[in-house]
1. Find how many whole Å separate the alpha carbon centroid of region 91-111 from the alpha carbon centroid of region 119-134.
2. I'd like the Karplus ³J(HN,Hα) series for region 105-119: coefficients 6.51, -1.76, 1.60, θ = phi - 60°, whole numbers in Hz, and an x wherever there's a Gly or Pro.
3. In Å, the Kirkwood hydrodynamic radius of region 83-145 over pairs of distinct alpha carbons?
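Every number here is computed from the coordinates shown, using simple stated rules; none is lab data. Just so we're clear, the structure is a prediction, and the values are computed from it rather than from any experiment.
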Amino acid sequence: MFQVVTATDLLQNLAVAVPSDLALLQFSEAHDMASILQVGNRWRAQIRKRGQSIAKTFRTKGAAEQWAREREVEIDNGSGVACEPSTTLKVLIAAYREARANSGRPVAPKSNEHYVLNRLDDALGKTIAARLSTQDIVRFARARM
């Protein structure tokens, strides 16, 4: 089973409380689904399909739905978010930085995101991504306090 999320999403999930007025729209295929969640005035698309998980936040519900459909097609076609079972968090962080650079919005060298990615890499970079546990994340978060 693979689970791939960006480091930023991972840390945001630790710090963000789920609002009580959370709206949920699901596209369901047995246990595989894409969920579109309204969080404040933004929309978060999360896909869980074939043991893979990926999420992204958007300004509009339509953009979130479109992105979710596209990612589901990629997963169905065998491309997209999966990684090798031996892939470390260090490799995923590097891939994230590269994807950001290729998108025209690189991680700024003095940004908080840059700092957090470096801290994640230092603390958990050698961890096999598929074996990353909740306890690993909790230890990381507590060490930062």
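1. That distance is 18 Å.
2. 10, x, 5, 5, x, 10, 7, 4, 4, 4, 4, 5, 4, 5, 5
3. 12.4
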